[in-house]
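Presented below is the structure to which this report refers.
Since every read-out is calculated from the coordinates, none of them should be taken as a lab result. None of the values given here were measured: they were computed from a predicted structure. All Cβ positions, glycine included, derive from the backbone under ideal geometry; neighbour counts span all protein chains shown.
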Amino acid sequence: MALKETQEKLKQWGMWLRGGTGLGYGQNILGTIHGGGLPTAPISDDHAMSIDKAVAVLKQTNYSQYRCIKLSYVDQKSNRAIERETDISYRVVQRLIEAGEQWLDDAFNELKII
């Protein structure tokens with residue numbers, strides 16, 4: 001899989017974890033209560049759970065990469081916000097995200113997850 005595909009799948013996985021809307025759990029619940037037609041994550045539950053398993057392995061393998069991936073794709077934080085939250089320099093945050101994406105790309109290819 002190309003790295004761009006992995007990044008797209010991680011975006012979709014993040015949306016899936018947030019409840020399918022990309023807006024966070026609160027918005028999802030409010031929209032449901034008020035009958036709003038909410039978009040769903042463009043990824044199947046099976047694929048999302050497979051990605052989740054690979055990310056869990058990354059967490060065990062390299063927590064710093066995992067944390068930056070989670071903050072970026074699930075919490076939708078910018079690299080600057082991650083820098084502030086983690087006290088890791090901007091350049092290191094960038095490198096950790098890139099390394100985490102590459103690790104996950106390799107894992108997806110090796111495990112034929114996607």
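Observations
- In range of the label at residue 60: residues from segment 66-98 whose backbone nitrogen is under 19 Å from the point 7 Å along Cα→Cβ: 66-70
- HN-Hα J in Hz across segment 70-79 - Karplus 6.51, -1.76, 1.60, θ = phi - 60°, x for Gly and Pro: 4, 4, 6, 8, 8, 7, 6, 8, 6, 4
- Per-residue ³J(HN,Hα) for segment 9-19, Karplus 6.51 cos²θ - 1.76 cosθ + 1.60, θ = phi - 60°, Hz, x for Gly and Pro: 5, 5, 4, 5, 4, x, 5, 4, 5, 7, x
- Residues with amide H under 5 Å from that of residue 41, placed H, sequence gap 5 or more: 20
- Positive minus negative residues near residue 14 (Lys, Arg vs Asp, Glu; Cβ under 13 Å): +1
- Cleavage-rule hits (trypsin sites (Lys or Arg not before Pro)) in segment 36-114: DSSP loop, at most 11 neighbouring Cβ within 10 angstrom: 112
- Proximal lysines to residue 77, defined as alpha-carbon separation beneath 21 angstrom and excluding residues fewer than eight positions away on the same chain: 4, 9, 11, 59
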